[in-house]
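Input: a single structure, listed below in structure tokens.
The values are calculated or read from the model by the stated rules, or taken from the named source; none is laboratory data. All values derive from a computational prediction rather than experimental measurement. Positions of Cβ are generated from backbone atoms using ideal geometry, with glycine treated the same way; all protein chains shown enter the neighbour counts.
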Amino acid sequence: MEKSLGVAPAPIPAINKKSSARAALVGIHGPAQQIISECFRQFGVETVPIGKDAAERLKKEKFDACILRLDAASEPVMETVRTSPSNNRMVIYGLGGSAQEAMKFSKYGINAMFQEPVERPSALKLVRATHMLVLHEFRRYVRIPVMTEVSVRLPNGHTFNATSREISTGGMSLESAEEVTPGTQIEISFALLTLPRIWVRGTINWKKPKSFGVRFDMQDERRSRLKGWIEGYAEN
């Protein structure tokens, strides 16, 4: 965290890129707005501050991403986004608390989270990791960041919930404090926006503190529904 020493923090170095995408900043002000805008600008994404008329503007104008605070006041905006013919595949960035708190809004398919207070290094890291999705460079960005609740069933019958981080046709990364072992075969279930709940077998292929990865069973025919959803997401 940056500490105030009476000297203004150095600005993020500008990169000369022409804006090719637009992101709506809904109800975000002050230092958070400045930092987030500067981070997106580095990767050719123009940010547009929007106030109380956010839901109405998002019905009429085309945006590639939306950054908003995750609270009850922003829920109508997310509902508008996900039901809009032109913006329903928009990348949604939440601003606020933990992944667990974001799960309250999981039906809207939150893609990524800016933590508060917004700090330049972490904000830039998040934008760098996800900007290809905003720019619709899906061929280069094979993993889609999306936060949704995932049910994990172990071979002994024990079931626990985890939070997805990224998903691809071959697997997904999950956040959880549950103790798991690489090589364990599991079955997971989850839903994604327009994709009704599916079940698919997989194997835990890596483990880190509070997160782990799952490689899907390529022989599980149920995976085809997920593959079709991801391909459809990319086409839009």
Regarding region 174-194, can at least one residue be identified that is over 15 Å from the mean Cα position of the chain (by Cα), surrounded by fewer than 16 Cβ atoms within 10 Å (Cβ to Cβ) and under 27 Å from residue 64 (Cα atoms)?
yes
What residue, of 23, 32, 55, is surrounded by 10 or more Cβ atoms within 10 Å (Cβ to Cβ), modelled with pLDDT of 95 or more and within 17 Å of residue 77 (Cα to Cα)?
23
State yes or no: is residue 124 surrounded by 14 or more Cβ atoms within 10 Å (Cβ to Cβ), hydrophobic (A, V, I, L, M, F, W, C), within 18 Å of the chain's Cα centre (by Cα) and not in a strand (DSSP E or B)?
yes
Output for Cβ contacts, cut-off 9 Å, separation at least six or different chains, first residue on the phi < 0 side of the Ramachandran plot in region 30-51, second of a type in the set (Ser, Thr, Tyr) and assigned to a helix (DSSP H, G or I), reads 46/37; 47/37; 49/37
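Considering only residues that are of a type in the set (Ser, Thr, Tyr) and without any contact (Cβ under 8 Å) to a residue 40 or more places away in the chain, which ones fall in region 183-236?
Here is the first cut: in region 183-236, the residues of a type in the set (Ser, Thr, Tyr) are 184, 189, 194, 203, 211, 224, 233.
184, 189, 194, 203, 224 - these are the residues of region 183-236 that are of a type in the set (Ser, Thr, Tyr) and without any contact (Cβ under 8 Å) to a residue 40 or more places away in the chain.
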Go through (1) assigned by TED's automatic domain parsing to the domain that holds residue 215; (2) surrounded by fewer than 21 Cβ atoms within 10 Å (Cβ to Cβ); (3) under 11 Å from the mean Cα position of the chain (by Cα) one by one and return the number of the condition residue 167 breaks.
(2)
Would you confirm whether or not region 195-207 contains a residue that is modelled with pLDDT under 95, out of contact with any Ser or Thr (no Cβ under 8 Å at 6 or more places or on another chain) and not assigned by TED's automatic domain parsing to the domain that holds residue 92?
yes
Where in region 15-116 are there helices (runs of 4 or more DSSP H), lying fully within it, with 2 or more residues that are aliphatic (A, V, I, L, M) and in contact with a helix residue (DSSP H, G or I) (Cβ under 9 Å, 6 or more places away or on another chain)?
30-42, 54-60, 75-83
